[in-house]
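First comes the structure, then the notes that go with it.
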Amino acid sequence: MPNVDRQTILSFSEKLDLFLSPKGQLFLLGLLIEDCEEISAKFEKRGWMIVKSRCREEWLGLRLTHPSRQ
């Protein structure tokens, strides 16, 4: 999901695991670094694990996986 605003990502966070294939991963790209803590906390609360994060200037990308899909 590239370049979707924080509020949209947070509102869809409860539904995204329904669309993930078995052994699938979720990539959230083009996030503002300032939104990282809130977005990470929301996904971790729902059981997602951050596999990798990458920063460049003010931008952040996250790769996540969900244990129920392993």
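A short reminder: the numbers here are calculations on the coordinates, not readings from a lab. Source: prediction; values computed, not measured. Note that each Cβ is placed from the backbone with ideal geometry, even for glycine, and that neighbours are counted across all protein chains shown.
Tabulated data for the structure shown
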{"item": "Value of relative contact order over segment 1-59, rounded to a whole percent, pairs C-alpha under 8 Å and six or more apart", "result": "42 percent"}
{"item": "Computed lengthening from residue 46 to residue 5, 0.36 nm per intervening residue step minus Cα-Cα distance", "result": "12.8 nm"}
{"item": "Longest site-free stretch - the chain; sites: GluC sites (Glu not before Pro), DSSP loop, at most 15 other Cβ within 10 Å", "result": "15-56"}
{"item": "Average projection area in nm² (convex hull over Cα atoms of the chain, one quarter of hull surface)", "result": "4.1 nm²"}
{"item": "Furthest towards positive pole of dipole, 4, 19, 31, structure part the chain, Cβ charges", "result": "19"}
{"item": "Gaussian network model of the chain, springs between alpha carbon atoms under 10 Å - residue of 32, 60, 18 with greatest fluctuation", "result": "18"}
{"item": "Over the chain: helical MRE at 222 nm, DSSP H runs n ≥ 4 each giving -39500 (n - 2.57), nearest 500", "result": "-7500 deg cm²/dmol"}
